[in-house]
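What follows is a short report on a single structure.
The values are calculated or read from the model by the stated rules, or taken from the named source; none is laboratory data. A quick note: this is a predicted structure, and the numbers were derived from the prediction, not measured. Methodologically, a virtual Cβ is constructed for each residue, glycine included, from the backbone with ideal geometry; neighbour enumeration extends over all protein chains shown. These accessible areas exclude ligands, DNA and RNA; they are computed on the full protein's heavy atoms, side chains included. Shrake-Rupley method; radii C 1.70, N 1.55, O 1.52, S 1.80 Å.
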Amino acid sequence: MLKRLSLTAAMLAAAAAPAFAHLDPLEHGSFAAGLSHPIFGADHVLVMISVGLWAAQIAGDPERRAALWAVPAAFVSTMAFGFLLAVLGVHLPFVEPAILASVIGLGLLVAVAVRLPVAASAAVVAVFALFHGHAHGTEIGAAGALEFGLGFVLSTAFLHVVGIGLGIVAQRVTPVVARIVGALTALAGLSLVFGG
């Protein structure tokens, strides 16, 4: 058990390094760039995996099984909408602070194992997703937006599936593991806020 926790802490500490997710749109407006983009930003990885973990926690209640697909689907679809808004030039305020708040907030939701109704959970992640999508769209602009957008949507969905898988395994082994990962995610989010 201690070995698993140490490994998890080491992975999250490594993920808390400065994000290298902001790309030159003229150089990186492609499907492959979109596919790799979410994997190279600590904020993106932490949030996407947290969404999956939280969905698995919520779905642990028999009456909330739909959370397993509804919560990640709400994130992905709203993120795509936020991306579209940015590409169309619609401005959203406080994008970066909202993204950092999403790391801390989702980490805390997992740490405390909050089990809201499925619709409310989907709404919470959708709010955060709007800002994540907008940031992606602002970074890439119109150059290769469709290809890039498809890539980052698929990559995001994959990270959600990883989080769901980790959450399901944690529920079977011991739910405390997911809660510790959530707490470490929130701490990593704080380090992103205060560390640069």
Within the range 144-173, residues open to solvent by 60 Å² or more (accessible area, probe 1.4 Å), closer than 24 Å to Phe31 by Cα and not aromatic (Phe, Trp, Tyr) come out as Leu146, Glu147, Leu150, Leu154, Val161
Within the range 91-109, restricting to residues that are within 14 Å of the chain's Cα centre (by Cα) and β-branched (Val, Ile, Thr), the one that is surrounded by the fewest Cβ atoms within 10 Å (Cβ to Cβ) is Ile104
Of (1) in contact with an Asp or Glu (Cβ under 8 Å, 6 or more places away or on another chain); (2) closer than 27 Å to Ala33 by Cβ, Ala80 satisfies every one except (1)
Taking the range 110-134 and keeping residues open to solvent by 10 Å² or more (accessible area, probe 1.4 Å) and among the small types (Gly, Ala, Ser) leaves Ala111, Ala113, Ala119, Ala120, Ala122, Ala123, Ala126
Those residues of the range 50-87 that are of a type in the set (A, V, I, L, M, F, W, C) and either assigned to a loop (DSSP other than H, G, I, E, B) or free of Cβ contacts under 8 Å to residues at least 24 places away in the same chain (or both) come to a total of 3
Picking from Ala80, Ala67, the residue that is open to solvent by less than 10 Å² (accessible area, probe 1.4 Å) and modelled with pLDDT of 95 or more would be Ala67
